[in-house]
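What follows draws every value from the coordinates through simple rules; no lab data is involved. Quick caveat, the model's predicted, so the values are computed rather than measured. Because the Cβ atoms are built from the backbone with ideal geometry, glycine has one as well, and the counts that use them run over all protein chains shown.
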Amino acid sequence: MFYLQANQVASFAQQFVSLLGTDHRPWRNLYPSASSEVECYASSSLTKLNNLNINLAGQRIQQLILLIQNTHGSLRKIDFDLRDPLDPDNSGTLFSTIAFCCPNLTHIHIFVSNDAITHMPILFSGCPKLQEIDLIGDRSDEGKLDIDDILCEIGSVVPENLKFLNLGSKAWTYTKDSISEFLDECETRLKHKPCTFIMGNHLSRKVVERLNMYEEKGVIQIMVTRNEREIFL
């Protein structure tokens, strides 16, 4: 398996060009405003890439989109930090790219901006082999985002092999009705139960009571996060 860090993109690409013997051209020619350390090859085939781990804070999402396209479905695990990108308008395109280009994806850990949360149904439906979905929300203090509609949409397309779901971001809120609709679908669709479900400690009492009900039914196993990194039973 191959692991890619942001500061190793240039050497990684060179290794693959040597390994695969494909034609190439420097990525910097396509995106001249990219970091001087980043040199990738737009025409290189990265079909042996299984694990992609990149910190893109302060860089360009478009670079990552191109990398994903060049894997041609080989990716199994994705771990991205996309905070403060130079091209935030591409956030939605990134999720669409993952959905259409990563049918074999089993694990994803990714930052989801409030603007990109509407693309979650596409991710769930486009990556049916997902077993672990770790979604990290916006940490700003600009208020909460209601994700009731999103929960209702992803319920019908939740991957049947899902074993872990993190919706514990304090940026997101939902009602007992929407989480019930989502978990009813999980009860029907999931092959492996209980599914580990990460919730935040900011939810209302009614929502917590409803989640506890589904835990008692064996649909989920609840874990709580205080700050998206500290998780406890």
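Sequence-distant or interchain residues sharing an amide H contact under 5 Å with L145, placed H: which?
Sorted by chain and number, the residues that satisfy this are W172, T173.
What FRET efficiency do you get for E160 and D89 if R0 is 35 Å and r is their Cβ-Cβ distance, rounded to the nearest 0.05?
Efficiency, rounded to the nearest 0.05: 0.60.
Taking the Cα atoms of the stretch 143-233, report the difference between the largest and smallest coordinate on each principal axis, in whole Å and largest first.
Projected onto its principal axes, the Cα set of the stretch 143-233 covers 33, 27, 21 Å.
Net charge near T118, counting Lys/Arg +1 and Asp/Glu -1 over other residues with Cβ under 11 Å of its Cβ?
-3
Give me H109, H192 ranked fewest to most by other Cβ atoms within 10 Å of their Cβ, as a rough exposure proxy.
Lowest count first: H192, H109.
Report Rg(Cα)/(2.2 N^0.38 Å) for the stretch 57-210, keeping two decimals.
1.02
Say R0 is 35 Å: what FRET efficiency, to the nearest 0.05, do H109 and E216 get from their beta-carbon distance?
0.75
Treating the beta-carbon of each Lys and Arg as +1 and of each Asp and Glu as -1, no other charges, what is the dipole magnitude of the stretch 102-233 about its Cα centre, to the nearest 20 debye?
For this selection, approximately 420 debye.
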